[in-house]
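The values are calculated or read from the model by the stated rules, or taken from the named source; none is laboratory data. Everything quoted here is computed from the prediction, not taken from an experiment. Cβ atoms come from the backbone with ideal geometry, glycine included; neighbour counts cover every protein chain shown.
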Amino acid sequence: MIKKTFKRGVHPHIPGGGKKATRDLPIEDYVSDSVVIHMAMNIGAPATPCVKKGDPVKIGQVIGTPNGFMSVPVHASVSGEVTAVEDIPYLGTGNVKAVFIKNDFLNTWEDHRPLGDVEQVDPSLIIPAIRDAGITGMGGASFPTHVKLTFPEGSSCDTILVNGAECETHLTADHRLMIEESRRIVNGLRAVMRAVNVPKAIIGIEDNKPEAISAMQEAVSDREGISVQPLKTKYPQGGEKQLIQALTGRQVPAGKLPIDCHVVVLNVGTCAAIADAVTEGKPLVSRLTTVTGCVNTPKNLRVPIGTRVEDMIGACDGFSEEPGKIFFGGAMTGIAIPNISTPTAKSTNGIVALNEKDARSLDETACIRCGRCVAACPIGLNPYKIKVAADASDFETAEKLHVMDCMLCGSCAYVCPARRWLTPSFRFAKDKITAERKAKAAKAAAEKGGANQ
Ligand code: SF4
Ligand code: SF4
C-alpha cells in the first residue's frame with residue numbers, strides 16, 4: 001500500500017532510548033491511594049468545584065461543573081473522600097483549583113446510563129453525551145470534543161480523520177491502545193460519524209507500527225465507511241495540519257481550522273473515550289500514559305486521572321538514575337514538570353524522565369544563524385526570528401511573524417545545533433498574545449455594554 005506523508009519534517013534521534021522500551025509492553029492498570037484532580041483540564045474556561053472537604057464521592061461523580069460552552073465537567077476518578085479543595089500551581093498556567101480525593105479502594109461507581117449500541121443509538125444524543133462525559137482531545141491538545149463536533153454555521157465536514165500516528169518520541173500509549181482495544185476506537189469513531197452525519201473516515205498510522213495497522217484494519221473490516229492509511233514515519237506526522245495534508249492532500253491555510261478544509265481530526269484515545277460514553281455511559285476518568293526514560297521498569301499504565309507522577313514512577317519501580325528533567329509528553333513537545341507531586345491530567349499521554357546527561361544535552365547556547373530551523377519548520381515559519389522577538393517580549397513582532405500559527409511541534413528545536421529553547425519561547429508568546437486578545441475583547445464588550453446603558 002502507498003504510504004502517505006507531508007512535506008518537510010524531521011527524523012529525530014532520541015536521547016534516552018525512544019519508543020523501544022515500551023512499544024511491546026501490554027497496558028497495565030495502576031491505582032494509587034489518592035488523586036489530585038484540577039479543574040483546568042480543557043482549553044477554555046475551567047470547571048468550578050462542586051464538592052467540599054469531607055464529601056464522599058463515587059467514580060464518575062461530577063466534582064467540577066463546566067462554565068459555558070467551551071468547558072467540560074470534571075469527574076471523580078476514584079471513590080473515597082474529598083480531603084481538600086484548594087489552589088495548586090499547574091505547569092506554568094498559574095494557580096488552578098484542585099480536588100484532593102483519598103481512595104477507599106471500594107471502586108464504587110456513580111450510576112451511569114449507557115445510550116446503547118453505537119449503530120442503533122439516536123444520533124442526536126451522542127454529542128450531548130460526549131460533553132457530559134467531560135471528553136477533551138486526548139492527543140495532548142485538550143480541546144473540548146463536543147465543541148469540535150459542533151460545526152460553525154455554514155461549515156461542512158466530509159471526512160473524519162483519526163490520528164493514530166503517535167509521532168512523538170518515547171510515547172507508545174496510542175500504539176498499545178490500537179493493538180489491544182481497536183474495537184473500542186472504532187466504536188467511538190462510528191458514534192462520531194453518526195452524530196455528525198459524515199459517512200467517511202480515515203485512520204492514519206505511521207508505518208513503524210505494523211501491528212497497530214493490522215489490528216485496526218481487522219477492526220474496521222466489517223464497519224461502514226472507515227479505512228486505515230499507513231503513513232511514512234516522520235515527525236510531526238501527527239500534527240493536525242500535517243495529517244490532513246497527508247491523508248487528504250488538503251492544506252489548512254494559516255489562521256484557519258481543519259473544518260475550513262471540511263475535516264475534523266480526532267485522536268485514537270478520544271475515540272475510545274467516546275465509545276465508553278455512548279456504550280457504557282461512563283465519563284472520562286482514566287488515562288493511558290507511557291512512563292519511560294530513566295525508570296527501572298518502563299510501562300504503559302492506565303491510571304485514574306489526577307494520579308501523581310511520583311506514584312506512577314513508584315509503579316515503575318522508581319528511577320534507575322538521578323533524573324535531570326521530567327516531561328509530560330515526549331521530548332519534542334513535552335512540558336517540563338516542576339516536581340514529582342504534579343498530578344496527571346486528561347491530556348497526559350506520557351511521562352518521560354531524562355537522566356542528567358541526556359537532560360544536559362538539551363541545554364541551550366547562542367544562535368549561530370545557520371537557518372536549519374527555518375528549513376525544518378513544516379509550516380514555513382522563521383523560528384530564530386520569532387525566538388528573538390518572544391524573548392524580548394516583543395509580541396507584536398512575534399505575531400507579525402505568525403507565532404500564532406506555530407503548532408509547537410519542536411522540529412525547529414530538534415535540528416538546532418545550538419539547542420535553542422525555541423518551543424518554550426513560542427508557547428510563552430502564544431499564551432501572552434492569547435491573554436492580550438481576551439483582555440481586549442473583554443474591555444471592548446464592557447465598553448459596548450456601558451455605551452448601551
Ligand atoms: S516554529 Fe513552530 S511549527 Fe515551526 S518547527 Fe518550530 S515549533 Fe514547529
Ligand atoms: S537552527 Fe538554531 S542556531 Fe540555527 S538559526 Fe535556528 S535557532 Fe539559530
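Structure notes:
- Looking across segment 396-409, just one residue is surrounded by 17 or more Cβ atoms within 10 Å (Cβ to Cβ) and either β-branched (Val, Ile, Thr) or within 12 Å of ligand 2 (Cβ to nearest atom) (or both), and that is 403.
- Enumeration of residues in segment 393-432 that are among the aliphatic types (A, V, I, L, M) and either assigned to a helix (DSSP H, G or I) or in contact with a helix residue (DSSP H, G or I) (Cβ under 9 Å, 6 or more places away or on another chain) (or both): 398, 401, 403, 404, 407, 408, 413, 415, 422, 429
- Exclusive hit being assigned to a loop (DSSP other than H, G, I, E, B), at pLDDT below 95 and among the hydrophobic types (A, V, I, L, M, F, W, C), set 91, 106: 91
- Options 413, 429, 435; residue that is under 23 Å from the mean Cα position of the chain (by Cα), under 30 Å from residue 36 (Cα atoms) and within 16 Å of ligand 2 (Cβ to nearest atom): 429
- Neighbours by Cβ (under 7 Å, 6+ apart or cross-chain): first from segment 364-384, within 17 Å of residue 255 (Cα to Cα); second near ligand 2 (Cβ under 9 Å from one of its atoms) and in a helix (DSSP H, G or I): 377/383; 377/412; 382/374
- A Cβ distance below 8 Å, combined with a sequence gap of six or more or placement on separate chains, defines the contacts here; from segment 114-125, residues that are over 10 Å from residue 195 (Cβ atoms) and modelled with pLDDT of 95 or more reach no residue that is surrounded by fewer than 14 Cβ atoms within 10 Å (Cβ to Cβ) and hydroxyl-bearing (Ser, Thr, Tyr).
- Single unsatisfied condition, residue 346 versus (1) out of contact with any helix residue (DSSP H, G or I) (no Cβ under 8 Å at 6 or more places or on another chain); (2) touching a residue at least 12 places away in the same chain (Cβ under 8 Å); (3) not in a loop (DSSP other than H, G, I, E, B): (3)
- Some residue of segment 100-112 being of a type outside the set (A, V, I, L, M, F, W, C), farther than 26 Å from residue 340 by Cα and in contact with a helix residue (DSSP H, G or I) (Cβ under 7 Å, 6 or more places away or on another chain): yes
- Strands (runs of 3 or more DSSP E) fully within segment 267-340 counting 1 or more residues that are modelled with pLDDT of 95 or more: 286-293, 299-304
- Subset of segment 142-174 (residues that are under 13 Å from residue 197 (Cβ atoms) and in contact with a Cys (Cβ under 8 Å, 6 or more places away or on another chain)): 151
- Matching entry among 418, 442 (being within 15 Å of ligand 2 (Cβ to nearest atom) and either basic (Lys, Arg) or more than 25 Å from the chain's Cα centre (by Cα) (or both)): 418
- Count - residues of segment 197-229 that are assigned to a helix (DSSP H, G or I), surrounded by fewer than 19 Cβ atoms within 10 Å (Cβ to Cβ) and in contact with a strand residue (DSSP E or B) (Cβ under 7 Å, 6 or more places away or on another chain): 1
- Considering residues of segment 349-382 that are assigned to a strand (DSSP E or B) and among the small types (Gly, Ala, Ser) only, the residue nearest to ligand 1 (Cβ to nearest atom): 350
- Qualifying positions in segment 44-83 - surrounded by 15 or more Cβ atoms within 10 Å (Cβ to Cβ) and among the basic types (Lys, Arg): 58
- Tally, over segment 365-384, of residues that are within 9 Å of ligand 2 (Cβ to nearest atom) and under 16 Å from residue 332 (Cβ atoms): 4
- In the set (1) among the charged types (D, E, K, R); (2) closer than 30 Å to residue 312 by Cβ; (3) within 15 Å of ligand 2 (Cβ to nearest atom), residue 387 fails one condition alone, (2).
- Filter pass, residue 111 being out of contact with any strand residue (DSSP E or B) (no Cβ under 9 Å at 6 or more places or on another chain), of a type in the set (D, E, K, R) and under 30 Å from residue 226 (Cβ atoms): no
- One residue from 164, 154, 137 being without any contact (Cβ under 8 Å) to a residue 24 or more places away in the chain and either surrounded by fewer than 24 Cβ atoms within 10 Å (Cβ to Cβ) or within 16 Å of residue 288 (Cβ to Cβ) (or both): 154
- The sole residue among 282, 256, 241 that is free of Cβ contacts under 8 Å to residues at least 12 places away in the same chain, under 22 Å from residue 144 (Cα atoms) and within 21 Å of the chain's Cα centre (by Cα) is 256.
- Candidate set from segment 411-428 (those that are hydrophobic (A, V, I, L, M, F, W, C) and out of contact with any Asp or Glu (no Cβ under 8 Å at 6 or more places or on another chain)); member that is farthest from ligand 1 (Cβ to nearest atom): 428
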